[in-house]
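Read the structure below first, then the notes.
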Number of protein chains: 2
Amino acid sequence: MEKKGCQYGTHRTLEPLGILPQPAWKIDNSMEIYDNELLIEVDTLNIDAASFTQIKKQAEGNPAEMEKIMLDIVAKRGKHHNPVTGSGGMLMGTVSKIGSAWAGKTPVKVGDRITTLVSLSLTPLKIHKIKKIHLEKEQVEVEAQAVLFSSGIYAVLPTDMSPSLALAILDVAGAPAQTAHLVRPGQTVLVIGGGGKSGMLCVYEAKKRAGISGTVIGLGSSRGSCDRMRQMGHADVVIQADATDPLAVMRAVSDATKGEMADVIINCVNIPGTEMGSIMSAKDRATVYFFSMATSFTGAALGAEGIGKDVTMLVGNGYCRDHAAIALQTVRENAVLRKTFEELYA
Amino acid sequence: MEKKGCQYGTHRTLEPLGILPQPAWKIDNSMEIYDNELLIEVDTLNIDAASFTQIKKQAEGNPAEMEKIMLDIVAKRGKHHNPVTGSGGMLMGTVSKIGSAWAGKTPVKVGDRITTLVSLSLTPLKIHKIKKIHLEKEQVEVEAQAVLFSSGIYAVLPTDMSPSLALAILDVAGAPAQTAHLVRPGQTVLVIGGGGKSGMLCVYEAKKRAGISGTVIGLGSSRGSCDRMRQMGHADVVIQADATDPLAVMRAVSDATKGEMADVIINCVNIPGTEMGSIMSAKDRATVYFFSMATSFTGAALGAEGIGKDVTMLVGNGYCRDHAAIALQTVRENAVLRKTFEELYA
Ligand SMILES: NC(=O)c1ccc[n+]([C@@H]2O[C@H](COP(=O)([O-])OP(=O)(O)OC[C@H]3O[C@@H](n4cnc5c(N)ncnc54)[C@H](OP(=O)(O)O)[C@@H]3O)[C@@H](O)[C@H]2O)c1
Ligand SMILES: NC(=O)c1ccc[n+]([C@@H]2O[C@H](COP(=O)([O-])OP(=O)(O)OC[C@H]3O[C@@H](n4cnc5c(N)ncnc54)[C@H](OP(=O)(O)O)[C@@H]3O)[C@@H](O)[C@H]2O)c1
């Protein structure tokens, strides 16, 4: 008889009891699954960059020592949750058992090769053997097992692209799916950081949705990312400007739109201080989507208030329903996008 | 002939040139207005609490010394932008001149008594005389003049309530106006911090919008705020729980909604760490409105992703069109709200 689990995995929390598995110090990593869990035979751990660097440093670069540290973390905490950096990573493996009450977001079957999209810092893990540590890729080949709760997200790894390409796309999967929700035909869309990984997906998806009557503007700070946008040809206008200079951004967008400004602004940069430029490029009652994790909540809220701008500002949720399938399909359906992504990330 | 000004007041920036007036070190406080400006005869400065405390301390509580410090700030910077705390405050005064190209958000006429809702840290100000410093109210009676740009927001002070009551309402004016936009008839709405200043306005407005077929749940951590919500009678259900405990919040909301959870969550707390409780109280595809300035952007974005929750999360913009008029009217139209606000804030 399977035991009934909590959707968020609190049935696995051991220390302190009653809280969520992510903030917990220790979780139960016994590999007998509850009714709402998935069992995974793990072959690869993608350790988070900060965590990997810390472990390597502590081990003075010695793989045998790194192995000991990693096994020790999992033995103590039931998960690969680095106590120094607080971070986790992702894993790849093959589904071997599915709980009777599993309610996944996409259909999954035994034998599927999947990658988890939730952090290792909340994933019950048991390592049987570390086979090899790939220092350059920050990956670890293992014989291990892991458990995914029904609230946990994952993606079936596609067979038509390399795992590293798939992981690069999945990392920013929320962005194109949200763009599809936000953009309507005929609208003017500004993608700040449009030549980056998430930005390229957003520019393409925005043009698809805005259509021939719409205008998509891509903005980047370097010659390189702007040339890339021009070559790809999905943006109607490319602006080279520094997104941290709100007046420069506003003037360039005003020029490109004959003073009309943008209906939807999608912020895909990887640096802080770009809230004001995003807000000042907006029409009245426009929508600003902050996908960038470098966004400051108060910078956005007080910035808009300070200039009396009535804009809807959205926090970039990394997840939205079917986002993995949507993002992979986006790259598959467009040859230019696929070629560029293969060159950069495969 | 009037000179043509920039909507955001960059024509006033002196040091460094070309940037916005708020981050500028020095702005032009000559009182000859540009075409898009409003001239105000100022009688009261509401100095920001942090700034006032700093000045008082530096002056060792001596009003004559405080006067000197304040005059010195304005002489050096052209605005009451405290160089130590970085903060400003608000002002009250009477409109004496309106530029020909002024495009205000609400109609204003010469002689109206207004309060600015943008910070003193970006408002051109010239103090002719400091008449009295009110240490307890952190207010300064002055003979002064100030300028408001067309992007600057303000409110005409109502004649049917005290200035301190009006200022208390205007401080959180964005919250009820946004609630009105978000809530539809029949929905289930959770207001976290529903017994606080912004929370009470949101609970009332949410009930008005959700109507008899909807359910409004107010949540507070103290007995006091929960009793207040019960006495006011606008919430259908009152929950006493700690918003920083996501599982406790989720379970209480689940009980109150028979497992259905909420369509709209409005977060009005004044403490950090409540993102997860807000997200976990949501239905799939629900909307979470973070009015609280203590919200962490990454806490919200990564929190939702970590549990695979497809929710729309909004950054609480302090401004939305007509927000001042809407907030004042909200308090006026309901006797219970008005009485409570008068007791607490008048
Ligand atoms: N919300 C979520 O769940 C989630 C998930 C994954 C990632 N993210 C966030 O998404 C953001 C982007 O990720 P990514 O992988 O797409 O990054 P990326 O590939 O590094 O792209 C960043 C882009 O920003 C541009 N940029 C940098 N500085 C700029 C400036 N001053 N002005 C204009 N453009 C500038 C860069 O172009 P130039 O080189 O031309 O400057 C580059 O194209 C990151 O902040 C990441 O944290 C969020
Ligand atoms: N977005 C904007 O533009 C804007 C503008 C103005 C203000 N704000 C922000 O809005 C927030 C609220 O302002 P306010 O003036 O309404 O504050 P307030 O009157 O102090 O109310 C805060 C409420 O939060 C509740 N609370 C505190 N800790 C709690 C906990 N652990 N669990 C549950 N409830 C808790 C309090 O109830 P208990 O006493 O029962 O705990 C109280 O009713 C602040 O963060 C402020 O910065 C934003």
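The values are calculated or read from the model by the stated rules, or taken from the named source; none is laboratory data. Just so it is clear, the structure is predicted and the values come from calculations on it, not from any experiment. Cβ placement follows ideal geometry from the backbone for every residue including glycine, while neighbour counts extend to all protein chains displayed. Accessible surface is based on the protein model in full, side chains and every heavy atom, while ligands, DNA and RNA are left aside. Shrake-Rupley method; radii C 1.70, N 1.55, O 1.52, S 1.80 Å.
Tabulated values for the structure
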| item | result |
| --- | --- |
| Considering residues of segment A:275-301 that are within 11 Å of ligand 1 (Cβ to nearest atom) and assigned to a strand (DSSP E or B) only, the residue surrounded by the most Cβ atoms within 10 Å (Cβ to Cβ) | A:F290 |
| So A:N317, is it among the polar types (S, T, N, Q), within 14 Å of ligand 1 (Cβ to nearest atom), surrounded by fewer than 21 Cβ atoms within 10 Å (Cβ to Cβ) and under 18 Å from the mean Cα position of the chain (by Cα) | no |
| Selected residue (criterion: farthest from the other protein chains (Cβ to nearest Cβ)) from residues of segment A:336-346 that are in a helix (DSSP H, G or I) and touching a Leu at 6+ places or on another chain (Cβ under 7 Å) | A:E342 |
| Matching residues in segment B:192-246 - criterion: being of a type in the set (G, A, S), over 17 Å from B:A177 (Cα atoms), in contact with a strand residue (DSSP E or B) (Cβ under 9 Å, 6 or more places away or on another chain) and more than 13 Å from ligand 2 (Cβ to nearest atom) | B:G214 |
| Any hit, segment A:328-335, residues being in contact with a strand residue (DSSP E or B) (Cβ under 8 Å, 6 or more places away or on another chain), not in a loop (DSSP other than H, G, I, E, B) and not acidic (D, E) | yes |
| Matching residues, segment B:230-244, being part of a loop (DSSP other than H, G, I, E, B) and free of Cβ contacts under 8 Å to residues at least 40 places away in the same chain | B:D236, B:A241, B:D242, B:T244 |
| Unmet criterion (only one of (1) in contact (Cβ under 8 Å) with a residue 12 or more places away in the chain; (2) more than 8 Å from chain A (Cβ to nearest Cβ)) for B:Y319 | (2) |
| Among (1) open to solvent by less than 50 Å² (accessible area, probe 1.4 Å); (2) under 25 Å from the mean Cα position of the chain (by Cα), the one test that A:S30 misses | (2) |
| All positions within segment A:65-93 that are more than 19 Å from A:V118 (Cα to Cα) and either open to solvent by 50 Å² or more (accessible area, probe 1.4 Å) or part of a strand (DSSP E or B) (or both) | A:E65, A:E67, A:K68, A:L71, A:D72, A:A75, A:K76, A:V84 |
| Residue list for segment A:283-314, restricted to those being within 7 Å of chain B (Cβ to nearest Cβ) and of a type in the set (S, T, Y) | A:T295, A:S296, A:T298, A:T312 |
| Residue check for A:R223: within 11 Å of ligand 1 (Cβ to nearest atom), over 25 Å from the mean Cα position of the chain (by Cα) and surrounded by fewer than 19 Cβ atoms within 10 Å (Cβ to Cβ) | yes |
| Some residue of segment A:303-310 being closer than 14 Å to B:T295 by Cα, within 15 Å of ligand 2 (Cβ to nearest atom), open to solvent by less than 20 Å² (accessible area, probe 1.4 Å) and free of Cβ contacts under 8 Å to residues at least 24 places away in the same chain | no |
| Residue selected from segment A:210-220 under the condition surrounded by fewer than 20 Cβ atoms within 10 Å (Cβ to Cβ) and not polar (S, T, N, Q), by the criterion farthest from ligand 1 (Cβ to nearest atom) | A:I212 |
| Residue in segment B:323-334 that is crowded, with 21+ Cβ neighbours inside 10 Å, within 16 Å of ligand 1 (Cβ to nearest atom), at pLDDT 95 or above and of a type outside the set (K, R) present | no |
| Whichever residue in segment A:278-310 is within 18 Å of A:V253 (Cα to Cα) and β-branched (V, I, T) and, among such residues, is nearest to the chain's Cα centre (by Cα) | A:V288 |
| Leading residue by the ranking (most open to solvent (accessible area, probe 1.4 Å)) among those in segment A:1-26 that are within 14 Å of chain B (Cβ to nearest Cβ) and not in a loop (DSSP other than H, G, I, E, B) | A:H11 |
| From B:G199, B:G195, B:G186, B:G174, residue being open to solvent by less than 20 Å² (accessible area, probe 1.4 Å) and without any contact (Cβ under 8 Å) to a residue 40 or more places away in the chain | B:G195 |
| Matching residues, segment A:143-162, being out of contact with any Leu (no Cβ under 6 Å at 6 or more places or on another chain) and surrounded by fewer than 24 Cβ atoms within 10 Å (Cβ to Cβ) | A:E143, A:Q145, A:S150, A:S151, A:V156, A:L157, A:T159, A:D160, A:M161, A:S162 |
| Single residue of A:E260, A:E275 found to be more than 16 Å from ligand 2 (Cβ to nearest atom) and either acidic (D, E) or over 26 Å from the mean Cα position of the chain (by Cα) (or both) | A:E260 |
| Index of the failed condition, A:R228 passing every other in (1) open to solvent by 40 Å² or more (accessible area, probe 1.4 Å); (2) within 14 Å of ligand 1 (Cβ to nearest atom); (3) more than 23 Å from the chain's Cα centre (by Cα) | (3) |
| Residue among A:I239, A:I212 that is farther than 22 Å from A:G316 by Cα, in contact with an Asp or Glu (Cβ under 9 Å, 6 or more places away or on another chain) and not hydroxyl-bearing (S, T, Y) | A:I239 |
| Any hit, segment B:232-239, residues being open to solvent by 60 Å² or more (accessible area, probe 1.4 Å) and within 14 Å of chain A (Cβ to nearest Cβ) | no |
